[in-house]
Amino acid sequence: MTRIVMGAAAALVAVGLSVTKFATLDVPVWRIRVVDQRGAPVPHARVREIWQNYSLESEAHEQDCTSDESGYVEFPARYARGSAIRRAWGPVRSLLQQGIHASFGPDAYVMAITDSAEGSAGYKPGVPPPAVISLRPRPSY
């Protein structure tokens with residue numbers, strides 16, 4: 001009887017842990033300075049952060065900010081929430097849906113745009129986010 005109770009308790013704990021959602025850091029706080037080609041700060045640039053955890057999410061997220069007078073923008077840390085089951089199934093789902101084009105894990109980048117210039121920078125997990133976006137003139141079409 002004790003073995004049955006212990007086995008049932010262990011099974012309940014395992015099920016509970018597998019469906020309980022927990023958060024993981026995908027992108028740390030990202031403070032970035034927008035500068036022109038000479039390195040001078042660019043105030044009032046529109047800066048967009050785009051992030052997604054491909055192993056947990058099927059759609060990306062976006063947030064727009066405007067650089068301050070010194071060219072700085074700060075985006076908050078980004079977290080993904082998911083259960084152990086979802087974390088195990090997510091990469092399989094991504095592979096089944098996207099095939100050889102599938103992506104896995106967190107991804108983020110920022111884009112800065114003014115009337116005459118643009119630039120971007122990408123985040124790589126495990127490495128501090130880039131601290132500067134250097135704008136270059138926008139192509140004229």
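Key figures for this structure:
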item	result
About the Cα centre, charge dipole magnitude for region 21-137 (Lys/Arg +1, Asp/Glu -1 at Cβ), debye	520
Ranking of Ser70, Ser120 by count of other Cβ atoms within 10 Å, fewest first	Ser70, Ser120
Cβ-defined net charge surrounding Ser83, 15 Å radius [Lys, Arg +1; Asp, Glu -1]	+4
Modelled label reach - Phe22, point 7 Å along Cα→Cβ, region 77-104 residues with backbone N closer than 17 Å	79-90
Degrees, to the nearest 10: 2-19 long Cα axis against longest axis of the chain	20
DSSP loop GluC sites (Glu not before Pro) with at most 13 other Cβ within 10 Å: longest gap in the chain	70-141
Relative contact order [Cα under 8 Å, 6+ residues apart], the chain, whole percent	30
Simple label model, 7 Å out from Cα along Cβ direction - Tyr109 to Ala88, nm	3.4
Crossing angle, helix 84-98 versus the chain [Cα axis fit, 0-90 degrees, rounded to tens]	60
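Any read-out appearing in this document is the output of simple, stated calculations on the displayed coordinates, not a laboratory observation. Values in this document were obtained by computation on a predicted structure and should not be read as measured data. Using ideal geometry, Cβ is built from the backbone for each residue, glycine included, and neighbour counts are taken over all protein chains shown.
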